1. Which residues, counting only those in the range 300-319, are closer than 19 Å to T242 by Cα and crowded, with 16+ Cβ neighbours inside 10 Å?
2. If I go through the range 189-205 residue by residue, how many of them are modelled with pLDDT of 85 or more and touching a helix residue (DSSP H, G or I) at 6+ places or on another chain (Cβ under 6 Å)?
3. Among the candidates L399, L422, single out the residue that is at pLDDT 95 or above, hydrophobic (A, V, I, L, M, F, W, C) and not in a helix (DSSP H, G or I).
4. Where the second residue is surrounded by fewer than 21 Cβ atoms within 10 Å (Cβ to Cβ) and at pLDDT below 95 and the first is more than 11 Å from D56 (Cα to Cα) and in the same structural domain as A116 (by TED's automatic domain parsing) and lies in the range 21-41, which pairs have Cβ atoms under 7 Å and are six or more apart or on separate chains?
5. Give me the residue from the range 1-59 that is modelled with pLDDT of 95 or more and polar (S, T, N, Q) and, out of that set, surrounded by the fewest Cβ atoms within 10 Å (Cβ to Cβ).
6. Any residue in the range 61-81 that is modelled with pLDDT under 95, in contact with a strand residue (DSSP E or B) (Cβ under 8 Å, 6 or more places away or on another chain) and either of a type in the set (K, R) or within 29 Å of P354 (Cβ to Cβ) (or both)?
7. Just one of (1) assigned to a helix (DSSP H, G or I); (2) more than 24 Å from the chain's Cα centre (by Cα) trips up I413, so point out which.
Amino acid sequence: MRITVFSIGTQGDVRPFVALALGLQAQGHEVCIASGKSCEALVRRFGISYAPLTADFLEWMANDPKALQKGLNPLKFVRTARKALAEMSVDWAEQGLAAAKGADLLLGNGMVSVLAASLGESLSIPVVETHLQPVTPCGDIPPMMLKPPKRPLPGRLNLALYHSLRVLTWQMLSAAYSPLRRALGLDAIPWYGPYFRRDRVNHRLLYGFSPTLVTPSSSWPDSVRVAGNWFLDEGQNWQAPTKLAHFLATSPADSKPVYIGFGSMLSTETDEFSKIIYQAIKQSGQRAVVATGWGGLEASLLDDDDICVIDAAPHDWLLPQMSMAIHHGGVGTTAAALRAGIPSVVIPFFGDQPFWAWRLNQLGVAPPGLTRKNITVEQLLAAIHFNLDEAVVRRAAALGDQMRSEDGVRVAIDQLTAWGLLTSTAMESSQRDVKALS
């Protein structure tokens, strides 16, 4: 079968689908990933077909770093992102049709799930919506777009917030999808969005996060399934730089280093933020490995005998050798730290990251998330000490054992098959032979 996956954002939004694509390819299916230019090299590096979508979020964040500051406030972010999406999506109808050509199944993730659904409607192709965060309304999981409350909210209030946020989300997305649906010759979506349509009763949604990290709500319908994380592991064939290998080899056996990294996040106060990180590590007496990533940290301000600065390293290789991870709370890093069996300190920058900070704290493997804008050395130092507690270390190790037993890619493929959306390559070959003889 031919499957086209639509996912945009940073590499953290695309890497899981590369992992899923590799699993599907191993079953004999053909997979194409449609994404922004910044993810093309990643997709092609693993031998997966790539289709372009005009959606470079790294360029957007680099050109407008203050957009991240608005990312923790839904109202401010909607206004900022609405304009950006309207500009990015001008060619999505044409690009989407090209990417979906010949496909038997479409997967649409996050912000481009409506793109996949619209293309599926236009071309009569089955569609599965995917998300890496919980977005299905329920009473027992707080909406990930809002800063989680200190105390659980009543279930009905949670549900009301979910539905209100869905309407707000559509105000952002409609700038892209109203023109797109006109271009495809489809009916307009109402002002409140596509989320309340009656034909969504059997709408299929596949989640790419671990049930260890977020327990599925008992109120979710059978058409919503949690598969587990789709990890793209690269550590087996990765060669560590000499500096990093030496640093790890000379670390005391009873004192693993702290990992510090903020992925694709950018900061408008890089120097000040880096100084706080440096001072907290020095005062804690810990050693650290710092991954500078896309610019969230300034390497020159972190250089020290007890701190090894690198660009990046595969999480599956590095994190099991760390004592804890200090990170932004991206879903990929959050899951990788938990799978490695280590505690986290989360300093959210954007979007769903406060939700993951809250969830790790609820699991007892992280202190409450820290506020990046007002963070102090004392707060970060206290968070590091929290994670050195033996009870926290034991809980993280136990959850890591549980998470490593999961196979999210396998579960996802099995679920797509159970829904009748995937057929075996042997069956397809037999069907082609029958057609050839008839």
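1. Across the range 300-319, the qualifying residues are L302, I307, C308, V309, I310, A313, P314, H315, D316, W317, L318, L319.
2. Residues that pass the stated criteria total 2.
3. On the way: L399 fails: not in a helix (DSSP H, G or I).
Exactly one residue qualifies, and that residue is L422.
4. As it stands, the answer is Q27/T425; G28/T425, since those pairs meet every condition given.
5. Q27
6. Kept after step one, since they are modelled with pLDDT under 95, are these residues of the range 61-81: 61-81.
Keeping just the survivors that are in contact with a strand residue (DSSP E or B) (Cβ under 8 Å, 6 or more places away or on another chain) gives none.
Within the range 61-81, none of the residues are modelled with pLDDT under 95, in contact with a strand residue (DSSP E or B) (Cβ under 8 Å, 6 or more places away or on another chain) and either of a type in the set (K, R) or within 29 Å of P354 (Cβ to Cβ) (or both).
7. The one condition I413 does not meet is (2).
Results for (1) hydrophobic (A, V, I, L, M, F, W, C); (2) touching a Lys or Arg at 6+ places or on another chain (Cβ under 8 Å); (3) outside the structural domain of D306 (by TED's automatic domain parsing), shown as yes or no for each residue.
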site	(1), (2), (3)
V214	yes, yes, yes
S217	no, no, yes
W220	yes, no, yes
P241	no, no, no
L248	yes, no, no
P257	no, yes, no
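The values are calculated or read from the model by the stated rules, or taken from the named source; none is laboratory data. Everything numeric here is computed off the predicted structure, so don't read it as measured data. Cβ sites come from the backbone with ideal geometry, for glycine too, and all protein chains shown count toward neighbours.
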